[in-house]
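FYI, it's all coordinate maths here, none of it is from the lab. Computed from a predicted model, the values in this text were never measured in an experiment. Methodologically, a virtual Cβ is constructed for each residue, glycine included, from the backbone with ideal geometry; neighbour enumeration extends over all protein chains shown.
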Amino acid sequence: MKRVTVVGTGYVGLVTGTCFAELGNDVTCVDIDEQKIARMKEGQVPIYEPGLEALFARNIEEGRLSFTTSLPDAMQGAEIVFLALPTPPGEDGSADLSYVLGVADQLGPLLKDYAVVVDKSTVPVGTAEQVRDRIAANTQVAFDVVSNPEFLREGFAVEDFMKPGRVVIGAGSQRACDVMGELYEPITDETHPILYMNERSAELTKYAANSFLAMKITFMNQIANLCEYVGADVDAVRRGVGSDDRIGHRFLYPGIGYGGSCFPKDVMALIHTANEFGYDFDLLKTVIERNHDQQKVLVQKIVKYYGGDLSGKTFALWGLAFKPDTDDIREAPALLIVKELTKLGAKVQAFDPEAMENVRRQFGDNPGLTLVDDEMTALEGADALLVATEWKQFRGADLVAVKNALKQPVVFDGRNIFELEDMQQAGFYYESIGRSIIKP
């Protein structure tokens, strides 16, 4: 058992702390948000993540998971300190390290014995060195700084943590490697390996992985657009491409662009890092441009269908989160759709199983947007249905009921959740991404 401190209780910090507690460690999570800490002490999970709530409750009850607003209290006896703090992007893509470095300044005087300080946040190349310098300026106690980037997918974070594809450890000493190896030993083996490297390589690995996945998504979206021009079916193309084991099936599903907290930020950050070192990473610049274009594809289809005039139209929108199984709306394509449609004089009636409160806080002043209680209510009085997030409950919709609820049987599907044959049989006008248009 290790005595672990996690600084920051956002998405990464809370999942990390809870899962390490589940592995038998004594974990203290610290955050400056007093109300948030108070709610967590009462057993309330502040984020939506499948499987997290049960682990959270069990480890609080068994005394392995605790919360505080006091960093000095959290540091008492700490052997490993994870920094899971925000690194928000600037307009130029640079990561704001003020939160990480601010805590590093505080850690030095609090170290009483050797500890490993771990950068868990996604941070630029060279951050471990900056953190090390900040801590060393305020202590004579031995310590190490390690880069241990997270690879947690929202909606699958608990599974990803407990069964990692790999654990990346960037460290400059064997002592730090040994400590981290012991911590991760319960969930790593030959098929779930720990990859040891230097700190800068670990920092770059996270950006490189997310940027490659963003590029893969963007490439498939471009292929889907080409399919519409040449009369090909993107589903068939996707299966054909994905069956090549050098490529694989994952991240080949076309849609209306990527969003979320990681891909947009990390692609920009990698471009910024390249610029700092005098390298023009033009491929990733194109990825950003094409993804921005892709997020507008559904609106373009709608405008074309209605001859450019959307005034007085009402659209049902299914999905607001950037992906299913999360309440995260950061960079969500659905939000751009809402903005564009309401700007053109249309009204939007939207529903999402988990993201409603986040949207309400951000878009409560948009008179063209109405948030409703369920997906069927969103259809009432609507001229067409738009699909922006591929929640499972939407895939199983009763198409007859959907058709009867709409003014006209028109669907624009940005996530290809319906089968073409089903939409044809049900009598819909149906446009999706990279597939044939179905006309009644």
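Taking the DSSP bridge list for region 3-197 and keeping only pairs wholly inside it, about 5 percent are antiparallel.
In this simple spin-label approximation, residue 366 and residue 129 carry label points 7 Å from Cα along the Cα→Cβ vector, and these lie 4.3 nm apart.
About the centre of its Cα atoms, region 207-292 shows a dipole size close to 180 debye [charges on the beta carbon of Lys, Arg (+1) and Asp, Glu (-1) only; nearest 20 debye]. Semi-axes of the equivalent ellipsoid for region 336-390, computed as √(5λ) from the eigenvalues of its C-alpha gyration tensor and ordered from largest down, come to 15, 15, 10 Å. A straight line joining the Cα centroids of region 1-56 and region 194-243 runs 32 Å. For residue 392 and residue 140, what does the FRET efficiency come to when R0 = 56 Å and r is the distance between their Cβ atoms, rounded to the nearest 0.05? Working from the Cβ atoms, E equals 0.50. Evaluated at q = 0.10, 0.13, 0.18, 0.19 Å⁻¹, a Debye calculation over the C-alpha positions of region 3-197 (equal weights, vacuum) places log10 I(q)/I(0) at -0.38, -0.66, -1.33, -1.48. Mean residue ellipticity, 222 nm, helices only, the chain: the sum of -39500 (n - 2.57) across DSSP H runs of n ≥ 4, divided by residue count and rounded to 500, is -13000 deg cm²/dmol. When the charge dipole of the chain is built from unit charges on Cβ atoms (+1 for Lys and Arg, -1 for Asp and Glu) and taken about the Cα centre, the candidate among 425, 210, 68 whose Cα reaches farthest toward its positive end is 425. Report the Cα centroid-to-centroid distance between region 364-428 and region 282-299 in angstrom, as an integer. The two parts, judged by their Cα centres, are 25 Å apart.
The shape of region 232-323 comes out oblate: with a ≥ b ≥ c from the C-alpha gyration tensor, a/c is at least 1.5 while a/b does not beat b/c. Once both labels are positioned 7 Å from their Cα atoms along Cα-to-Cβ, the gap between residue 54 and residue 311 label points is 5.5 nm.
Could you list 309, 245 in order of exposure, starting from the residue whose Cβ has the fewest other Cβ atoms within 10 Å?
245, 309
Couplings for region 215-227, taken from phi via the Karplus curve 6.51 cos²θ - 1.76 cosθ + 1.60 with θ = phi - 60°, read 5, 5, 4, 5, 4, 5, 5, 5, 4, 4, 4, 5, 4 Hz in order; Gly and Pro are left as x. Sorting 191, 218 from the fewest to the most surrounding beta carbons within 10 angstrom yields 191, 218. Each of 122, 286, 188 was scored by other Cβ atoms within 10 Å of its Cβ. Listed from fewest to most, they are 286, 188, 122. Legend: residue pairs 339/407; 2/41; 41/163; 296/407; 323/439; 36/285, Cα-Cα distance threshold 30 Å; pairs beyond threshold, 36/285. Pairs of Cα atoms nearer than 8 Å and 6+ residues apart set the relative contact order; for region 3-80 it is 41 percent.
With the simple model of a label 7 Å out from the Cα in the direction of the Cβ, residue 289 to residue 208 spans 2.6 nm. Of the beta bridges in the chain, as assigned by DSSP with both residues counted there, near 5 percent are antiparallel.
Converting the Cα gyration tensor eigenvalues of the chain into ellipsoid dimensions via √(5λ) gives semi-axes, longest first, of 43, 24, 20 Å. In region 271-347, taking the dipole from charged Cβ atoms about the Cα centre, the farthest positive-side position among 294, 310, 278 is held by 310. Once you reduce region 128-152 and region 67-91 to the center of their Cα atoms, the two points are 12 Å from each other. Values of log10 I(q)/I(0) for region 286-403 across q = 0.10, 0.18, 0.21 Å⁻¹ run -0.27, -0.93, -1.25, by the Debye formula with one identical scatterer at each alpha carbon and no solvent.
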